[in-house]
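Encoded as structure tokens, the structure appears first; notes follow it.
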Amino acid sequence: MDIRCDSPAMGRLVGQSASMKRVRDLIGVVASFPSTVLVRGESGTGKEIVARAIHECSPRAHAPFVPVDCTVLTESLFESLLFGHEKGSFSGAVATTTGLVRAADGGTLFLDEIGELPLPEQAKMLRLLQERTVLPVGATRPIGVDIRVVAATHRDLHAMAREGRFRADLLYRLDVIRIGTPALRDCPEDIPLIARSVLERLESRLGVKRELSEEAMLQIVSYPWPGNVRQLAACLERGVILAQSSLITPADLGLGINAEPVKPMLVASTTSTVLAALSACRGNRAAAARQLGIDRRQLYRLMDRLKLREPETSGA
């Protein structure tokens, strides 16, 4: 069904793979509900973008979206950073602070890498989710908060719970709705679309327009991208800056494989990507080229190189 909303973050979740369509559909379905969402995926797969899209498509879009990096929430910092503190409540507390939870009041609190939270702090987080109140350090009365919680992790929290490293009761509070962000290597057909989106943002930010050569397109579609979209974006930014012409070459990308011949696995991967674009566009090569982020002449040359002779059925 591919539900969409007018959201900057949703606009960055590009791709026509079944996995990406599923992500967008789930966001469209869950955004209007206040339920807690757990986003799971490898590093660099866009978990925070998913969280922002949920917020921007929700009735809370007018209120703050507050990200919290759980990797820095040590025992000594947890309550002060999240719940705030009263002036004079401890050495160095020269002013009263509201804390990140109250900063998100009316909006969305995004708990990034919740799996890194130490066990003692997991109990405090559970209490927050259960009671929806905070007690600032040095305060005597709890303060109610209205927050929607979205958490993210790259870990298997269920396995951690079985091993005693993550509280099962906290997991059940978090894992109401689950959204999985796919690894880039599992969706090679999305890479051209993602690359085009990244290049458009780079053009806006850097003021330089660049396109990928056919060889560079072949390379990025075949590369395994262990750092996922984050690594792809960094690679493309490097290519935009280093390119000596309007076309980015494999050498500009700096992946270290530009001297290698085209491999059979690469050809198979790229062939499926081109065929998927042609199928999605019902054989319209102009539309397929736009979806792949290349011009029509580049698509013709790429099809010739891959020995593809897909008949056109609805336009040149």
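Every read-out reported here was derived from the displayed coordinates using simple, explicitly stated rules and does not represent laboratory data. From a predicted model like this one, the values you see are computed outputs, not experimental measurements. For neighbour counting, all protein chains shown are included, and Cβ atoms are generated from backbone atoms with ideal geometry for every residue, glycine included.
The table that follows gives values for the structure above.
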| read-out | value |
| --- | --- |
| Among beta bridges that DSSP assigns inside the chain, antiparallel share in %, nearest 5 | 10 percent |
| Helix-derived mean residue ellipticity, 222 nm - over the chain, DSSP H n ≥ 4, -39500 (n - 2.57), to 500 | -13500 deg cm²/dmol |
| Charge context of LEU135, other residues only, Cβ under 13 angstrom, K/R +1, D/E -1 | +2 |
| Which of PHE166, PHE33 has the fewest Cβ neighbours within 10 Å, and the rest in rising order | PHE33, PHE166 |
| Convex hull projection area averaged over all views, the range 1-67, Cα basis, nm² | 4.6 nm² |
| Charge dipole (debye, nearest 20) of the chain; +1 at Cβ of Lys and Arg, -1 at Cβ of Asp and Glu | 540 debye |
| Neighbour count of at most 16 Cβ within 10 Å plus DSSP loop: longest GluC sites (Glu not before Pro)-free window in the chain | 164-311 |
| Rounded to whole Å, sorted largest first: equivalent-ellipsoid semi-axes of the range 8-182, Cα gyration tensor | 29, 19, 13 |
| Loop-resident sites, the range 139-216, for trypsin sites (Lys or Arg not before Pro), counting at most 12 other Cβ within 10 Å (DSSP) | LYS209 |
| Compactness relative to 2.2 N^0.38 Å, alpha carbon Rg of the range 185-305 | 0.98 |
| Unpaired by the 4.7 Å Cβ criterion, cysteines found in the chain | CYS70, CYS187, CYS235, CYS281 |
| Max mean-square fluctuation residue, GNM over the chain, Cα-Cα springs under 10 Å, options LEU212, LEU278, LEU77 | LEU77 |
| Nearby aspartates and glutamates by direct alpha-carbon distance to LYS87 (threshold 18 angstrom, same-chain neighbours under 8 apart not counted) | GLU79 |
| Proximal aspartates and glutamates relative to LYS47, as straight alpha-carbon distance under 18 Å, when same-chain residues fewer than 8 apart are discounted | ASP25, GLU56, ASP69, ASP112, GLU113, GLU116, ASP156, ASP175, ASP186, ASP190 |
| Fluctuation leader among PRO192, PRO59, PRO142 - the chain, Gaussian network, Cα springs under 10 angstrom | PRO142 |
| The chain, relative contact order in percent, only Cα pairs under 8 angstrom and at least six apart counted | 18 percent |
